[in-house]
Structure formats: structure tokens, C-alpha cells
Amino acid sequence: MPPGPNQERASVAEVFVCAVDQLTTGVIRSAHLGHDDSGLPIMALVLRDNTGKVRAYRNLCRHLPVPLDGGTGDLLSEDGVHLVCGTHGATYRLSDGYCVEGPCEGLALHRLRCREEDGDLYVSVEPR
Ligand code: FES
């Protein structure tokens, strides 16, 4: 029997991001997790929020299906507590990915799952 859409998602590999201690506040790491059902790449943004917790979000704006950073890696707000889309300025909280200002206010970035093991950090598509 061929795999259904959810089975395809589940087959996306978990990806090594970096050593946990290399992810300091203000650093944003990225990782490629394959493609979604629409053929769009699934790029992860992995970071520490302002409380020190590790967070991972899909690098895909909720306004239009484009990367938040346009591939530049430059998306942290000046105060260091938001991610800002470079296209139209949607502003997302680091702590939960919630859009607090901009054309998609009220929506949130897609969260991805992070796992730590032996000092290394891994990210994968969150199971649905
Ligand atoms: S595409 Fe991100 S705010 Fe419009």
C-alpha cells in the first residue's frame, strides 16, 4: 500500500542542528527537513527565546508562503525578542511564534520539534 500524506511527513528525517551549547541567545540556526506536500522546502529556524528555552519554527511566513528572511538569515528584531518577516514586516514572538503585529496578526509560525541528546540538538517536523 502506498504511504498516505501523513506517512510521508512522518518519514522526514530528524536533522542534527548543532551542539546545544553552541545555540546561544541571539543565534539562529537553520536546518533543511525535506519538502511538504506542496513541494515547498521545510526549513527550520532553531533559536533560544528570551527565557533561554530552545524553540524551532518553520521558516515560512503565515502571510504568504515565503521564507521569513528571504534566505538572508537576518530576521531578529533589534530588541532580540521577535522574528520579523523581511517582506511585509510581520512580527512574531520568539517564545511561541505568535504574530503580534503585521498582516497575519493572530496567526502563529508552525512549530517544529526539538530534541536534545548527549549535548546535541536535533529538529524534526512535529507529528500531527
Ligand atoms: S510575506 Fe511575511 S509579512 Fe507578508
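The values are calculated or read from the model by the stated rules, or taken from the named source; none is laboratory data. Only a predicted model underlies this, so the values are computations on that prediction, with no experimental measurement involved. Cβ placement follows ideal geometry from the backbone for every residue including glycine, while neighbour counts extend to all protein chains displayed.
Structure above, values below:
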item	result
Entirely in the stretch 68-114, the strands (runs of 3 or more DSSP E) that have 1 or more residues that are within 12 Å of the chain's Cα centre (by Cα)	82-84, 91-93
Which listed residue, of G73, G34, is more than 16 Å from the ligand (Cβ to nearest atom), among the small types (G, A, S) and surrounded by 13 or more Cβ atoms within 10 Å (Cβ to Cβ)	G34
Condition check for L64: within 13 Å of the ligand (Cβ to nearest atom), out of contact with any Cys (no Cβ under 6 Å at 6 or more places or on another chain), part of a loop (DSSP other than H, G, I, E, B) and modelled with pLDDT of 95 or more	yes
Any chance G52 is small (G, A, S), within 16 Å of the ligand (Cβ to nearest atom) and in a loop (DSSP other than H, G, I, E, B)	no
Qualifying residues in the stretch 89-105 (those that are more than 12 Å from R55 (Cβ to Cβ) and in contact with a Cys (Cβ under 6 Å, 6 or more places away or on another chain)) - the one farthest from the ligand (Cβ to nearest atom)	E105
